[in-house]
Amino acid sequence: MSLWYESLGLSLYDCGDNLEERATCILDHLSMSVPRSWWEHALKTNKVDHSHASVLHDLRVELSKAINLEEPITTGLLVALAFTEQDRNRHTTIDGYLAKAGKVLEERQELARLGGLIDEKNLQAK
(Lines give C-alpha, C1' and ligand atoms only; values in the text may rest on other atoms or scores of the structure.)
Protein backbone atom coordinates (compact mmCIF):
# COMPACT_ATOMS: atom_id res chain seq x y z
CA MET A 1 0.00 0.00 0.00
CA SER A 2 2.85 2.41 0.66
CA LEU A 3 3.74 3.24 -2.97
CA TRP A 4 0.06 3.63 -3.84
CA TYR A 5 -0.51 5.77 -0.76
CA GLU A 6 2.59 7.86 -1.50
CA SER A 7 1.37 8.41 -5.06
CA LEU A 8 -2.03 9.48 -3.76
CA GLY A 9 -0.48 11.88 -1.26
CA LEU A 10 1.82 13.48 -3.84
CA SER A 11 -0.99 13.77 -6.37
CA LEU A 12 -3.29 15.41 -3.81
CA TYR A 13 -0.50 17.81 -2.86
CA ASP A 14 -0.09 18.75 -6.52
CA CYS A 15 -3.84 19.48 -6.74
CA GLY A 16 -3.59 22.08 -4.00
CA ASP A 17 -6.96 23.58 -3.13
CA ASN A 18 -8.64 22.68 -6.43
CA LEU A 19 -11.51 20.52 -5.15
CA GLU A 20 -12.45 19.10 -8.54
CA GLU A 21 -8.88 18.00 -9.24
CA ARG A 22 -8.63 16.49 -5.74
CA ALA A 23 -11.84 14.54 -6.25
CA THR A 24 -10.70 13.27 -9.66
CA CYS A 25 -7.34 12.27 -8.17
CA ILE A 26 -9.03 10.29 -5.38
CA LEU A 27 -11.41 8.57 -7.79
CA ASP A 28 -8.53 7.74 -10.11
CA HIS A 29 -6.50 6.19 -7.29
CA LEU A 30 -9.47 4.20 -6.01
CA SER A 31 -9.84 2.82 -9.55
CA MET A 32 -6.34 1.35 -9.53
CA SER A 33 -5.34 -2.27 -9.05
CA VAL A 34 -4.05 -1.78 -5.47
CA PRO A 35 -7.48 -1.15 -3.94
CA ARG A 36 -8.87 -3.90 -6.14
CA SER A 37 -6.47 -6.37 -4.54
CA TRP A 38 -7.60 -5.20 -1.06
CA TRP A 39 -11.25 -5.80 -1.86
CA GLU A 40 -10.68 -9.09 -3.69
CA HIS A 41 -8.89 -10.39 -0.59
CA ALA A 42 -11.66 -9.08 1.66
CA LEU A 43 -14.30 -10.79 -0.51
CA LYS A 44 -12.43 -14.10 -0.24
CA THR A 45 -11.84 -13.92 3.52
CA ASN A 46 -14.92 -11.92 4.53
CA LYS A 47 -12.55 -9.76 6.60
CA VAL A 48 -11.60 -6.15 6.01
CA ASP A 49 -8.14 -4.88 6.90
CA HIS A 50 -8.43 -1.98 9.33
CA SER A 51 -5.89 0.19 7.50
CA HIS A 52 -7.68 -0.26 4.17
CA ALA A 53 -11.03 0.56 5.75
CA SER A 54 -9.54 3.64 7.38
CA VAL A 55 -8.02 4.90 4.12
CA LEU A 56 -11.32 4.42 2.30
CA HIS A 57 -13.22 6.19 5.06
CA ASP A 58 -10.84 9.17 5.01
CA LEU A 59 -11.08 9.43 1.22
CA ARG A 60 -14.87 9.24 1.39
CA VAL A 61 -14.88 12.19 3.81
CA GLU A 62 -12.54 14.11 1.51
CA LEU A 63 -14.76 13.38 -1.50
CA SER A 64 -17.86 14.49 0.40
CA LYS A 65 -16.20 17.88 0.90
CA ALA A 66 -15.16 18.15 -2.74
CA ILE A 67 -18.25 16.90 -4.55
CA ASN A 68 -21.72 18.33 -4.16
CA LEU A 69 -24.05 15.48 -5.04
CA GLU A 70 -27.73 15.02 -4.37
CA GLU A 71 -27.05 11.56 -2.96
CA PRO A 72 -24.12 10.81 -0.66
CA ILE A 73 -21.26 8.66 -1.90
CA THR A 74 -21.53 5.21 -0.37
CA THR A 75 -18.62 3.05 0.68
CA GLY A 76 -19.88 0.34 -1.67
CA LEU A 77 -19.69 2.77 -4.59
CA LEU A 78 -16.08 3.57 -3.72
CA VAL A 79 -15.26 -0.14 -3.50
CA ALA A 80 -16.88 -0.65 -6.91
CA LEU A 81 -14.48 1.89 -8.44
CA ALA A 82 -11.69 -0.65 -8.07
CA PHE A 83 -13.62 -3.04 -10.30
CA THR A 84 -14.23 -0.61 -13.14
CA GLU A 85 -12.20 -0.92 -16.30
CA GLN A 86 -10.45 2.39 -16.77
CA ASP A 87 -8.71 3.55 -19.92
CA ARG A 88 -5.42 4.83 -18.49
CA ASN A 89 -4.85 7.09 -21.51
CA ARG A 90 -8.01 9.14 -20.91
CA HIS A 91 -8.94 11.40 -18.08
CA THR A 92 -12.37 10.48 -16.80
CA THR A 93 -14.72 13.06 -15.30
CA ILE A 94 -16.07 12.77 -11.78
CA ASP A 95 -19.47 11.88 -13.20
CA GLY A 96 -17.83 9.29 -15.45
CA TYR A 97 -16.09 7.59 -12.56
CA LEU A 98 -19.25 7.52 -10.47
CA ALA A 99 -21.40 6.26 -13.37
CA LYS A 100 -18.98 3.41 -14.10
CA ALA A 101 -18.83 2.47 -10.43
CA GLY A 102 -22.62 2.62 -10.18
CA LYS A 103 -22.96 0.13 -13.06
CA VAL A 104 -20.46 -2.22 -11.43
CA LEU A 105 -22.27 -1.94 -8.10
CA GLU A 106 -25.60 -2.82 -9.73
CA GLU A 107 -24.03 -5.94 -11.25
CA ARG A 108 -22.08 -7.00 -8.16
CA GLN A 109 -24.13 -6.78 -4.98
CA GLU A 110 -21.31 -8.41 -3.00
CA LEU A 111 -19.45 -5.11 -3.33
CA ALA A 112 -22.30 -3.30 -1.56
CA ARG A 113 -22.12 -5.89 1.23
CA LEU A 114 -18.37 -5.36 1.42
CA GLY A 115 -19.01 -1.63 1.73
CA GLY A 116 -21.20 -2.44 4.74
CA LEU A 117 -18.40 -4.49 6.31
CA ILE A 118 -16.00 -1.58 5.79
CA ASP A 119 -18.48 0.81 7.45
CA GLU A 120 -18.79 -1.59 10.40
CA LYS A 121 -14.99 -1.80 10.69
CA ASN A 122 -14.79 2.01 10.85
CA LEU A 123 -17.48 2.17 13.52
CA GLN A 124 -15.68 -0.44 15.61
CA ALA A 125 -12.44 1.53 15.40
CA LYS A 126 -14.05 4.60 16.97
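The values are calculated or read from the model by the stated rules, or taken from the named source; none is laboratory data. Bear in mind that the values here come from a model prediction, so they are computed numbers and not experimental data. Here Cβ is always computed from backbone atoms with ideal geometry, including for glycine, and neighbour counts include all displayed protein chains.
The residues of segment 12-57 that are in a helix (DSSP H, G or I), charged (D, E, K, R) and either at pLDDT 95 or above or surrounded by 14 or more Cβ atoms within 10 Å (Cβ to Cβ) (or both), listed by number, are Asp14, Glu21, Arg22, Asp28, Arg36, Glu40, Lys44.
Taking Leu59, is it more than 18 Å from Val104 (Cβ to Cβ) and without any contact (Cβ under 8 Å) to a residue 60 or more places away in the chain? First the steps, then the outcome.
Values: more than 18 Å from Val104 (Cβ to Cβ): no; without any contact (Cβ under 8 Å) to a residue 60 or more places away in the chain: yes.
So Leu59 does not fit the description; no.
Inclusion of Ile73 among residues that are crowded, with 16+ Cβ neighbours inside 10 Å, in contact with a Leu (Cβ under 9 Å, 6 or more places away or on another chain) and free of Cβ contacts under 8 Å to residues at least 40 places away in the same chain is warranted.
With the structure loaded, tell me whether Glu106 is surrounded by fewer than 16 Cβ atoms within 10 Å (Cβ to Cβ), in a helix (DSSP H, G or I), modelled with pLDDT under 95 and of a type outside the set (A, V, I, L, M, F, W, C) or whether it fails that test.
Working: surrounded by fewer than 16 Cβ atoms within 10 Å (Cβ to Cβ): yes; in a helix (DSSP H, G or I): yes; modelled with pLDDT under 95: no; of a type outside the set (A, V, I, L, M, F, W, C): yes.
In short, no.
When restricted to residues that are outside any helix (DSSP H, G or I) and among the charged types (D, E, K, R), segment 58-71 contains 2.
Here Ser64 clears all of (1) hydroxyl-bearing (Ser, Thr, Tyr); (2) free of Cβ contacts under 8 Å to residues at least 24 places away in the same chain; (3) within 23 Å of Ser2 (Cα to Cα) except the condition numbered (3).
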